[in-house]
1. Which residues' amide hydrogens lie under 5 Å from the amide hydrogen of Ala90, considering only partners 5 or more residues apart or on another chain, with H built in the peptide plane?
2. At a 10 angstrom cut-off on C-beta neighbours, averaged per residue, how do the peptides 72-82, 88-98 rank from highest to lowest?
3. So if I take the alpha carbon set of the range 53-95, get Rg, then get Rh from the Kirkwood formula, what is the Rg over Rh ratio?
4. By count of other Cβ within 10 Å, fewest leading, how are Tyr22, Tyr115 ordered?
Amino acid sequence: MRTFYYRLQLPFALLLSMGLVYLVTGTVSAHSTIPAHAKVNKAIPAIGSTVSQAPTTVTVFTLENINPDPNKSNLFVYSPAGDLISQGNAKVSLTNPEEMSIAIKPDSAHPNGVYVVRWITVSALDGDPDQGAFVFTVNTGAVTTPTPVATKTASIGTMRKAVTQQSQDEEPIKRP
């Protein structure tokens with residue numbers, strides 16, 4: 001009788017452990033296909049692109065709906081000199097809550113160079129915060145050429161000055 005019990009114990013333990021592996025694997029793969037947070041996935045001007053004229057607005061598109069509160073979701077645009085050139089707070093579109101825009105005032109005397117766009121978002125769906133940055137280049141002598149979007153929007157080295165240095169007139173963002 002005792003050997004029969006031990007013979008059943010091994011297959012039962014094997015089935016239980018295989019079931020747990022399938023459960024964990026299924027949960028992990030399900031989470032990897034669902035968009036995480038309100039992360040920026042494209043922008044106008046395009047992420048990493050070179051444009052022939054400095055834009056007057058920057059628009060981003062996210063993977064989830066954005067909380068429209070400017071204390072939670074906002075854009076900050078920095079000129080090639082590192083100055084904050086975004087005007088006021090970003091506005092979330094009423095017709096597309098995955099779209100956010102901000103007006104910018106580039107230096108008309110020196111428009112050429114790399115512009116840094118720093119973004120912060122809070123998902124309207126689950127309240128998860130996210131942040132990041134990307135760059136675009138203005139070259140008045142060049143033809144507009146969008147570049148492919150990379151998995152990372154920009155390197156830390158190119159953004160360090162603009163992202164870490166907040167302008168005197170920029171208020172710090174308060175997170176809940």
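1. HN-HN under 5 Å from Ala90: Leu75.
2. 72-82, 88-98
3. Expressed as Rg/Rh, it is 0.99.
4. Tyr22, Tyr115
Bear in mind these aren't lab numbers, they're just calculated from the coordinates by the rules spelled out. This is a predicted model, so every value here is computed, not measured. Note that each Cβ is placed from the backbone with ideal geometry, even for glycine, and that neighbours are counted across all protein chains shown.
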